[in-house]
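These notes are about the structure you will find just below.
Each reported figure results from applying straightforward, stated rules to the coordinates on display, with no laboratory input. Source: prediction; values computed, not measured. Here Cβ is always computed from backbone atoms with ideal geometry, including for glycine, and neighbour counts include all displayed protein chains.
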Amino acid sequence: MLLFKRAFLVLIGLTLAGCGFQPLYGVRDNTRVIEDFSFITVAPMADRLGQQLQNELERLLHPNGKAPRERYRLNAELTESKSSLAVKKSAFATRANLEVTAKYILTQSYIGDNRFASTNSITVSYNIYDSQFATLMAEKDARKRAVRELAQEIRIRLAVYLRDPTKTTPGKP
């Protein structure tokens, strides 16, 4: 049985190595992607939700500080929608979904052409309480979670693009 487990692990390792699998933030070429992140300037966004996303992206993209000059500019536009889910017999909703969608474009600063464009959408749920204040706080927490997850997804997509720009095609969201 132990021999079977070891053979299985070796087989999985060989399969992953054969298909070209390598971690996105692995040790091979990790420093170039993180260095490229430092050259991205996140453009100011409208309203409070946009400001929160901008701050979160700045935190994720510039852990070692921002480069003195920008090479790329990230412009994003956010939309938000709410929908009620679970409904009691009295027709009052007890659960809601908050969907936040970001359309973003990475442009090259000195040329001004679009290098990469994409759209990400995150849906988070929250409870609707009898207390209006409690519901507002639950909704505020849901927004915070949505922004955090959205920023992570944007960072991952940018890392994939910056790692090998030839494999992803530039476009518009």
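Working note: Karplus 6.51/-1.76/1.60 with θ = phi - 60° gives region 136-141 the couplings 4, 5, 5, 5, 5, 5 Hz, where Gly and Pro are set to x.
At 0.36 nm per residue, and after removing the present C-alpha to C-alpha distance, how many nm does the segment from Thr119 to Asp47 gain when stretched out fully? It would help to have the intermediate numbers written out before the result.
On the way: separation 72, 0.36 × 72 = 25.92 nm, distance 1.88 nm.
Length gained between Thr119 and Asp47: 24.0 nm.
In region 23-163, the C-alpha radius of gyration followed by the widest Cα-Cα span (Dmax) gives 17.9, 59 angstrom.
Per-residue Cβ neighbour counts within 10 Å put Phe116, Phe133 in the sequence Phe133, Phe116, beginning with the fewest.
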